[in-house]
Structure formats: structure tokens, C-alpha cells
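Here the structure comes first, spelled out in C-alpha cells, and everything after it is commentary.
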Amino acid sequence: MDDSTTQTREIFGDEHAEVRTQTRRFIAERIAPFHEQWEKDGRVPRSIWQEAGELGMLCPTVPEQYGGLGVDFLYSVIVMEELSLAHTTGPGFVVHSEMVTPYLVNFGTEEQKSHWLPRMVTGEVIGAVAMSEPSAGSDLRGMRTRAVRKGDGYVISGQKVFISNGQLADLFVVAAKLEDSDKISLFLVESDRPGFARGRALDKLGVHAQDTSELFFDQVTVPRENILGEEDAGLRYLRAGLARERLTIAISSQARAEAIFRDTVSYVTGRKVFEQYLSELQNTRFTLASIRAELEAGQALVDRQISRYLAGELDETTAAMAKLWVTEMQGRTADACLQLHGGWGYMREYSVARAFVDSRVDRITGGTSEIMKEIIARGIWDARR
């Protein structure tokens, strides 16, 4: 996906081109050159969040009254795509901007919005969502974290795992069940609350610069005003956010697949075997032709779902279809392109090797491919009733 490709996509207007250029330049100058070191460190510095905030890359859809730009979702799409096209998986901007702040915007009180959103827009406050647990990943009904009413507040106890931005975050949207209920409620929990502790930064297979953590809540007391929305309504809120979350994964996966393809075309054009360039061999040409066709189909699918989201018509089932197809396609692309690199494809100095590992998580995060199939299947039978 180059400039000519993005300019011909019907969902974007002229007003988006300058933003994309500015975003691409910032990533090239302030993120990409340092990303390898951040992968060794296991996190990105807080300073880069504040720089991104100054540029308007964080939470662009947040209303102007809370410090945001108040622009449409396409500005978020640009940030997601450019980070992915540059293979810069470390900055957890997408989790912060597209998964945390929408809960506050859509379900928070005026006090909560006024207090948190302006600082999230600037990058002063980093957000994370704490849902998954050691025994409850995609199946939220197995959640064990509990919130007990005490006085004019709640006491939260439990454990979370696989939390993106977990080491850096200042504010967590925590899912827990009230002591007398099997339904989920959402709470805002600040990282400086007594009883809250970050566990180890998890040693992941890939995406090494993205900090992912265990979290522990040992009798963490929060005031009543820290509940997000209504008691017992958390599952409804989470489901409302899942369509956008899964769409963001599809958007990023599509762009990452494009980047893998772009880098592979460059490699085979300059690499000789048996006195021929790899690009001249029929196997290479047919493999890349098949990938190009799938990329075109994937982009059409993603853009259609973006249009549906902008129109307020993207439902859970349709978003699941996009996430399933695009992430699986990304996996096929990464595998085929690594093979075309031969032995060099197994070396981390080549982007295809890192992308092969980094892209694997997209078939798991936000709901596994198997869960996506179950959601789609339910939609088939629901439509017959």
C-alpha cells in the first residue's frame, strides 16, 4: 500500500492525505529508527506517547470539548495503517485510542470524561483494558475477578493477564463481577491505588516492544464514581466495543500483510538464484500473484466494513467476518513470503521474519479465529429465525 493506493481508495478524501503524510513522517523519524531498541527493552518510552499526542495521533475521534480533534474514524485508520506499514508494532496507541477511550466517551459520566479524556489525548495518561484472566480469555463468563460493595464504593480482588499497555498504563478499564451477581460490571482503576500491582512483563513470542503484563488486584478500593456506566451492564458495553476492536485488528492486519508483500517484492527483484532473479521464476510470480489477489480482496472487505462503521451499521457478526478472513490471510501471506526469502527469511534482520512472528497474535487477540467462526455461525442461524 503506497501513496497512490491510499489516494485511490474511495473512503478517503483530500483532507486525509496531509494527515497521512504527517503521520508517516513522524513514524519514520521518531519511531522506526528506535524500534529495534524498544524491542530489546520490552516497551516504548512514555515520551513517544506525548510526542504522538502533540501531533494529534492519539484519540483523534474524542470530541473537541474533551481535548480531541473530534474527527471521524478515518483519521484513526490512518494511524493504524501507517504504524503497520512501518512494521512498528510496539506503540500501544491503538489499544489506548480505539479500545479504551471509546468506553469513556460512550458510557462515562461527564466528570469521568472531563477528568480523563484530555490527558489521554495528550498522552499524559495511558490507558488499558483489563478483561482477560488466566482461566477466562475469550469466554468472559468464566471471569473470577470480584467487586464487593463497601460503604460508598467497591473493593476489587482478582488477577488479569495478557494486558496490553499493562506496564505503562495509568488507567485501567477493569471488568469484574459484583459479589451477588454473575453479570459483569466495568470499573475505572488508577494504577496508584493501594492493592494494585503489576506483575511481570510477559515474555511473548513476538511484538516484543509492546508491553503486555499480568495485573493483580488485592482488595483495591475504588469510589462509587469509578464505576463505568451501570452495574451489571459491563457485558453489553464490552460487546458494543468489540465490533470496533475487531475492525481495528482487521485494519492493522491488512496493512501488515501489505507491508510483508511490499518488502518481499523488493527482495525477489534483487535476489539471484541459478543466474536468474527470483522475480523471474514462475513459482515466485505465481505465488506473488495469488497474494496480490488476496490483498485486493482483503482491502475491499476492510474498506466496506469501515464504511459500515462510519454509517453506524457495523454489527458484531460482520466485524467477526472481517477479523477472521483478514487475519487468516495475513498468516498465509507471511508464511508464503518468508518461504520466498529462503534461509534469509528465517533471520530477524529481515522484516519478513519479524512480521511472521508478530502477525501470529492477530488470530488470537480480540477473540480467536475459532471464536469468530462461532459468532458468524450464530449469525447464520439467528437470521433463519
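The values are calculated or read from the model by the stated rules, or taken from the named source; none is laboratory data. None of these values were measured; they are calculated from a predicted model. Cβ sites come from the backbone with ideal geometry, for glycine too, and all protein chains shown count toward neighbours.
Going through segment 326-344 one residue at a time, which ones are surrounded by 17 or more Cβ atoms within 10 Å (Cβ to Cβ) and over 17 Å from Ser84 (Cβ atoms)?
Ala336, Leu338, Leu340, His341 - these are the residues of segment 326-344 that are surrounded by 17 or more Cβ atoms within 10 Å (Cβ to Cβ) and over 17 Å from Ser84 (Cβ atoms).
From Ala319, Ala293, Ala300, Ala336, grab the single residue that is part of a helix (DSSP H, G or I) and touching a Lys or Arg at 6+ places or on another chain (Cβ under 8 Å). Walk me through it before giving the result.
Details: Ala293 fails: touching a Lys or Arg at 6+ places or on another chain (Cβ under 8 Å); Ala300 fails: touching a Lys or Arg at 6+ places or on another chain (Cβ under 8 Å); Ala336 fails: touching a Lys or Arg at 6+ places or on another chain (Cβ under 8 Å).
Just a single option satisfies the conditions, and that option is Ala319.
Is it fair to say Leu186 is in contact (Cβ under 8 Å) with a residue 40 or more places away in the chain and surrounded by fewer than 21 Cβ atoms within 10 Å (Cβ to Cβ)? Spell out the reasoning first.
Working: in contact (Cβ under 8 Å) with a residue 40 or more places away in the chain: yes; surrounded by fewer than 21 Cβ atoms within 10 Å (Cβ to Cβ): no.
So Leu186 does not fit the description; no.
Residue by residue, here is whether (1) in the same structural domain as Ile48 (by TED's automatic domain parsing); (2) not β-branched (Val, Ile, Thr) holds:
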{"site": "His115", "(1), (2)": "yes, yes"}
{"site": "Ser132", "(1), (2)": "no, yes"}
{"site": "Gly166", "(1), (2)": "no, yes"}
{"site": "Ile184", "(1), (2)": "no, no"}
{"site": "Asp203", "(1), (2)": "no, yes"}
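With out of contact with any helix residue (DSSP H, G or I) (no Cβ under 8 Å at 6 or more places or on another chain) and not hydroxyl-bearing (Ser, Thr, Tyr) as the only criterion, which of Asp263, Asp218 stands out? Lay out the reasoning, then the answer.
Working: Asp263 fails: out of contact with any helix residue (DSSP H, G or I) (no Cβ under 8 Å at 6 or more places or on another chain).
After applying the criteria, what remains is Asp218.
Being of a type outside the set (Phe, Trp, Tyr), surrounded by fewer than 17 Cβ atoms within 10 Å (Cβ to Cβ) and not in a loop (DSSP other than H, G, I, E, B) is true for just one of Arg149, Arg144. Which residue is that?
Working: Arg144 fails: not in a loop (DSSP other than H, G, I, E, B).
Only one candidate qualifies: Arg149.
Could you please tell me which pairs satisfy a Cβ distance under 8 Å, a separation of 6+ or placement on different chains, a first residue in segment 352-380 that is of a type in the set (Gly, Ala, Ser), and a second residue that is not in a helix (DSSP H, G or I)?
Ala353/His341; Ala353/Met347; Ala355/His87; Ser359/Gly206; Gly367/Ser138
Of all residues being without any contact (Cβ under 8 Å) to a residue 12 or more places away in the chain and in a helix (DSSP H, G or I) in segment 62-89, which is surrounded by the most Cβ atoms within 10 Å (Cβ to Cβ)? Just the residue, please. Walk me through how you get there before you give the answer.
Of all residues in segment 62-89, those without any contact (Cβ under 8 Å) to a residue 12 or more places away in the chain come to 64-65, 70-71.
Right, trim to in a helix (DSSP H, G or I) and you get 64-65.
Details: Glu64: 9, Gln65: 12.
Top of the filtered list is Gln65.
Identify the residue in segment 200-217 that is in a strand (DSSP E or B), of a type outside the set (S, T, N, Q) and closer than 20 Å to Arg46 by Cα and, among all such residues, is farthest from the chain's Cα centre (by Cα). Steps first, answer last, please.
At the first step, the residues of segment 200-217 found to be in a strand (DSSP E or B) are 200-201, 212-217.
From what's left, of a type outside the set (S, T, N, Q): 200-201, 214-217.
If we keep only those that are closer than 20 Å to Arg46 by Cα too, we end up with 200-201, 214-215.
On the way: Arg200: 21, Ala201: 18, Glu214: 18, Leu215: 19 Å.
Checked segment 200-217; the qualifying residue farthest from the chain's Cα centre (by Cα) is Arg200.
I'd like the residue in segment 119-137 that is modelled with pLDDT of 95 or more and not aliphatic (A, V, I, L, M) and, out of all such residues, is nearest to Phe216 (Cα to Cα).
The residue in question is Gly127.
Give me the residue from segment 226-271 that is more than 29 Å from Val357 (Cβ to Cβ) and small (Gly, Ala, Ser) and, out of that set, surrounded by the fewest Cβ atoms within 10 Å (Cβ to Cβ).
Looking at the filtered set, the residue picked out is Ala240.
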